[in-house]
Amino acid sequence: MPAFDVAAVRREFPILGTSVHGRPLVYLDNAATSQKPLAVIRRLERFYAEENANVHRGVHRLSEQATSAYEAARAVAARFLGLADPRGCVFVRGATEGINLVADSWGRAHLRPGDEILVTHLEHHANIVPWQLAAERSGARVVVAPVTPRGEVDLDAFRALLSPRTKMAAFAHVSNALGTVNPAAEMTRLAKAAGAAVLVDGCQSAAHFGVDVPSLGCDFFVFSGHKTFGPTGVGVLWGRPELLDSMPPYQSGGDMIRKVDFDGTTFREAPERFEAGTPNISGVLGLAAALEYFMPIREAAHAHEQALLAAATERLRAVPGLTVVGEAAEKVAVLSFNLKGAHPHDIGTLLDADGVAVRTGHHCCMPLMKGLGLAGTVRASFAFYNTMEEVDALVRAVERARKMTA
Ligand code: PLP
């Protein structure tokens, strides 16, 4: 593998050269949202400067061009997920909308009273609340697989909770709060053997390593564009096309219909069935630019991030009073920690004064934090454009914060 040239990569991300409070920005909040390369910024500009038109409707040149670029982006999204057939890729607003779509539409078609939806204790709220609402609507119930103190899903408990009542198993590929990589293929295999459908929330995996949906074997996979170096307001829900076609529309209006009549309306198949109205065209094109940028460097990026994670974990562990939260055997470069006697928000504010951007709090994982007996954590989350010098800056800022809060 060629050496990963992080300096060259950073030149592609203009924001990384900026300052905060007079200090160079050290951006370690990538799990919340990633920064965008020039390829994405320029794609958005080009679309609005030279190509803007609505898709799927016009016979004029610009509209036809926009439509083919939009459909080409669908093929890019499919390739990104290891899929040959783009038909199952639905463009949505983000992972949240993707999960809501499945919980609502698949839930209406498939959930009945007494059914169970299996999630895990480390889910983001986006993969809990839509299932609670689907359970309320259908009379099903949400069942929760526990997480060990190291932050790994208890696989034996997960297996034991599966039964013929389980109609859906929905779980994160990677925990946003702890960085744990779940054995998603194995969990999928177990759930499918019990007869359940499987949704994998890939929000935190897609930006860190190559995702191959066919080898996961799941029925649905979601990720957000903005966490994968693309624009906000766009993401992908992949579903097995035949399953998507068995589901009722989620939203309705233009573009998703075959024929509208006051005597009755018929709907198109997936993916159009689930893309009512004018989509986020520029966002979709920007996302395709992001995925095209990221795919060739994905493997080297992962290795670089793992080196950053190992160094940061070792260095932070040596800080007196610091506890690393989440010590799964397999992790992406997400490092959650607490400092004895200090509130995570105070640490976050002190780090910000040094130009170091981290996230603090429950990370939209209140049940996980409650289970771990914590109010929250400080979370440093890395991307491939972060450097060993930034690990140094983080450690220096944490040391300073420790002294100031002692
Ligand atoms: N799932 C996970 C694991 C996440 O980390 C997030 C966002 O942090 C989401 C779902 C929701 O993503 P979005 O807000 O982009 O819809």
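Charge dipole of the chain (Cα centre as origin; +1 on each Lys and Arg Cβ, -1 on each Asp and Glu Cβ, all else neutral): 480 debye, rounded to the nearest 20. Phi angles across the range 104-115 convert, under the Karplus curve 6.51 cos²θ - 1.76 cosθ + 1.60 with θ = phi - 60°, into 3J(HN,Hα) values of 6, 6, 5, x, 4, 7, 10, 9, 10, x, x, 5 Hz, Gly and Pro given as x. Annotation: average projected area of the range 76-219 is 8.1 square nanometres, based on the convex hull of Cα atoms across all directions. Here the residues D219, D392, D201, D354, ranked from fewest to most Cβ neighbours within 10 Å of their Cβ, fall in the order D392, D354, D219, D201.
Using C-alpha pairs under 8 Å with a sequence gap of at least 6, the mean separation divided by the residue count of the chain gives a relative contact order of 23 percent. The modelled label-to-label distance for the pair D245/E64, using points 7 Å beyond Cα in the direction of Cβ, is 2.9 nm. For the range 8-49, what class follows from the C-alpha gyration tensor (a ≥ b ≥ c being the square roots of its eigenvalues): rounded when a/c is under 1.5, otherwise prolate if a/b is larger than b/c, else oblate? In terms of gyration-tensor shape, prolate.
Reducing the range 311-369 and the range 58-133 to their Cα centroids gives an inter-centroid distance of 31 Å. A dipole drawn for the range 47-150 from +1 and -1 charges on Cβ atoms has a positive end, and of V76, G58, H124 the residue lying farthest that way is H124.
Answer rounded, prolate or oblate for the range 322-406, using the Cα gyration tensor with square roots of eigenvalues a ≥ b ≥ c: rounded when a/c is under 1.5, else prolate when a/b is larger than b/c, else oblate.
In terms of gyration-tensor shape, oblate.
Output the pairs from K370/K403; K192/K331; K36/K227 with a Cα-Cα distance over 19 Å in this structure; if there are none, say none. Result: K370/K403; K192/K331 exceed 19 Å. Given a 10 angstrom Cα cut-off, can you work out which residue in T166, T33, T18 is the most mobile in a GNM of the chain? Between T166, T33, T18, it is T18 that shows the largest mean-square fluctuation. Between A310 and D212, the simple label model (points 7 Å from Cα in the Cβ direction) yields a spacing of 2.3 nm. Computed over the range 135-261, the Cα gyration tensor eigenvalues convert (square root of 5λ each) into semi-axes of 27, 21, 13 Å, ordered from largest to smallest. Two tests apply to each whole DSSP H helix in the chain, Cα reach of 15 Å or more along its axis and mean Kyte-Doolittle hydropathy of at least 0.5, and the ones passing both are 281-294. Taken about its Cα centre, the range 114-267 carries a charge dipole of about 120 debye when Lys and Arg each add +1 at the Cβ and Asp and Glu each add -1 at the Cβ.
Among the aspartates and glutamates, select those whose C-alpha is under 14 Å from the C-alpha of K340, and discard any that sit fewer than 8 residues away in the same chain. Once the sequence-local aspartates and glutamates are set aside, what remains near K340 is E399. Given their separation in residues at 0.36 nm each and the Cα-Cα distance between them, A185 and H345 gain 54.0 nm when the chain is fully extended. Subtracting the Cα-Cα distance of D154 and A49 from their residue separation scaled by 0.36 nm leaves 32.6 nm. Using Cβ point charges alone (K and R +1, D and E -1), the dipole size of the range 288-389 about the Cα centre works out to roughly 360 debye.
Determine the shape class of the chain: with a ≥ b ≥ c the square roots of the Cα gyration tensor eigenvalues, call it rounded for a/c under 1.5, and otherwise prolate if a/b is greater than b/c, oblate otherwise. The shape class here is oblate.
No lab work stands behind these numbers, since they all come straight from the coordinates. Note that this is a predicted model, so its numbers are computed, not measured. Backbone-built Cβ (ideal geometry, glycine too); neighbour counts: all protein chains shown.
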